[in-house]
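Notes to accompany the following structure.
The values are calculated or read from the model by the stated rules, or taken from the named source; none is laboratory data. Please read all numbers here as calculations on a predicted model, not as lab measurements. Cβ coordinates were reconstructed from backbone atoms using ideal geometry, including for glycine residues, and neighbour counts include every protein chain displayed. Each accessible area value is taken on the protein alone, full model and side chains, heavy atoms only, with ligands, DNA and RNA left out. Shrake-Rupley method; radii C 1.70, N 1.55, O 1.52, S 1.80 Å.
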Amino acid sequence: MIIRSLVLAAVGLTALGLTYVRIAPTDPAVWNVDPTKAIRSGKPNDFLVADGGDRPAIVSDVPPADLLSRIDAVAMAEVGVTRLAGSPDEGLITYVQRSRIIGFPDAISVSARPDGMDSRLNIWSRSRYGQYDFGVNRARVERWLAALNLG
């Protein structure tokens, strides 16, 4: 009887935790962060494209707003992606992409700024929950860059 009660309690707590992961609000004030100002947690659950990051910023001859419009089209074409905040004209967009089965949210912030005659593109993809992301954030960023022929 005690074992059955413990199992039921564990199942209930797990279901409650998974429900929370799916419905917890994502505050734009917390997650809409310019990748050049990223404060990393030290956990292996993010990927940063910015000078000093995992990969340097991407330099492109496409104007910043056009570059962000293109990446917006790539991002919004993916399954489970929503735009949390920002726009191409603002120079910063943050997306949330949820995993297919459990719905774990990842935040992806993308900024583009003028750099002389070029643009400098920065991306920070990070997991909201967990210690390790199994390479999901890196793969996402590389997939988006490849779709733009910037990889």
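What Kirkwood Rh does the chain have if only Cα atoms enter the pairwise 1/r average? Answer in Å.
16.4 Å
For the pair ASP54 and MET76, how long in nm is the line joining their label points, each one 7 Å along Cα→Cβ?
2.6 nm
List the residue ranges in the chain for DSSP H helices whose C-alpha atoms run 30 angstrom or more along the long axis and whose Kyte-Doolittle average is -0.5 or above.
Both cut-offs are met by 2-23.
Where both residues lie in the chain, what percent of DSSP beta bridges are antiparallel, nearest 5?
95 percent
Once every DSSP H run of n ≥ 4 in the chain is given -39500 (n - 2.57) and the sum is divided by its residues, what mean residue ellipticity at 222 nm do you get, rounded to the nearest 500 deg cm²/dmol?
Taken over the chain, the calculation gives -10500 deg cm²/dmol.
Could you give each residue of the stretch 39-48 its phi-based ³J(HN,Hα) in whole Hz, using Karplus coefficients 6.51, -1.76, 1.60 with θ = phi - 60°, and x for Gly or Pro?
Here the 3J(HN,Hα) series is 10, 7, 7, x, 7, x, 10, 8, 8, 10 Hz.
First check a/c for the stretch 86-151, with a ≥ b ≥ c the square roots of the eigenvalues of its C-alpha gyration tensor; if it is under 1.5, answer rounded, and if not, answer prolate when a/b is larger than b/c or oblate otherwise.
prolate
About the Cα centre of the stretch 48-143, how large is the charge dipole given +1 on each Lys and Arg Cβ and -1 on each Asp and Glu Cβ? Please answer in debye to the nearest 20.
Values: 12 positive and 13 negative charges, 98 e Å.
Computed about the Cα centre, the dipole is about 460 debye.
Would you be so kind as to identify which of PRO63, LEU6, LEU148 lies farthest towards the positive end of the dipole of the chain, taking Lys and Arg as +1 and Asp and Glu as -1 on Cβ and the Cα centre as origin?
So the residue furthest toward the plus end is LEU6.
Have a look at THR36, THR94, THR26 and tell me which one the Gaussian network model of the chain (Cα, springs below 10 Å) gives the largest fluctuation.
Of the options given, THR26 has the highest mean-square fluctuation.
Classify the stretch 34-113 as rounded, prolate or oblate from the Cα gyration tensor: take a ≥ b ≥ c as the square roots of its eigenvalues, call it rounded if a/c is under 1.5, otherwise prolate when a/b beats b/c and oblate if not.
oblate
Given R₀ = 41 Å, what would the calculated FRET efficiency be for ALA24 paired with MET117, taking r from the Cβ atoms and rounding to 0.05?
0.45
What's the local net charge at LEU48, with K and R +1, D and E -1, over the other residues with C-beta under 12 Å away?
Net local charge, LEU48 excluded: +1.
If you average the sequence gap of Cα pairs under 8 Å that are 6 or more apart and divide by the length of the stretch 6-140, what percent do you get for the contact order?
On the way: 243 pairs, mean separation 38.9, N = 135.
Relative CO of the stretch 6-140 lands at 29 percent.
Please give the net charge around ASP72, taking every other residue with its beta carbon less than 14 angstrom from that of ASP72, where Lys and Arg add +1 and Asp and Glu add -1.
Combined, the nearby Lys, Arg, Asp and Glu give -2.
Across the chain, where is the longest run that never hits trypsin sites (Lys or Arg not before Pro) in a DSSP loop with at most 14 other C-beta atoms within 10 Å? Kindly include the intermediate steps, with their values, before the conclusion.
Values: sites that count: ARG40, ARG100.
By the stated rule (loop sites, at most 14 other Cβ atoms within 10 Å), 41-99.
Connecting C-alpha atoms closer than 10 Å in a GNM of the chain, tell me which of ALA139, ALA107, ALA85 has the biggest fluctuation.
ALA139
Got a sec? Charge dipole of the chain, +1 on Cβ for Lys and Arg, -1 for Asp and Glu; which of PRO35, PRO25, GLY91 is way out at the positive end?
PRO25
What whole-number value in Å² describes the accessible area per residue of the chain for a 1.4 Å probe?
Heavy-atom accessible area per residue stands at 57 Å².
What FRET efficiency, computed as 1/(1 + (r/R0)^6) with R0 = 41 Å and r the Cβ-Cβ distance, is obtained for ARG83 and VAL7, rounded to the nearest 0.05?
So, using R0 = 41 Å, E works out to roughly 0.50.
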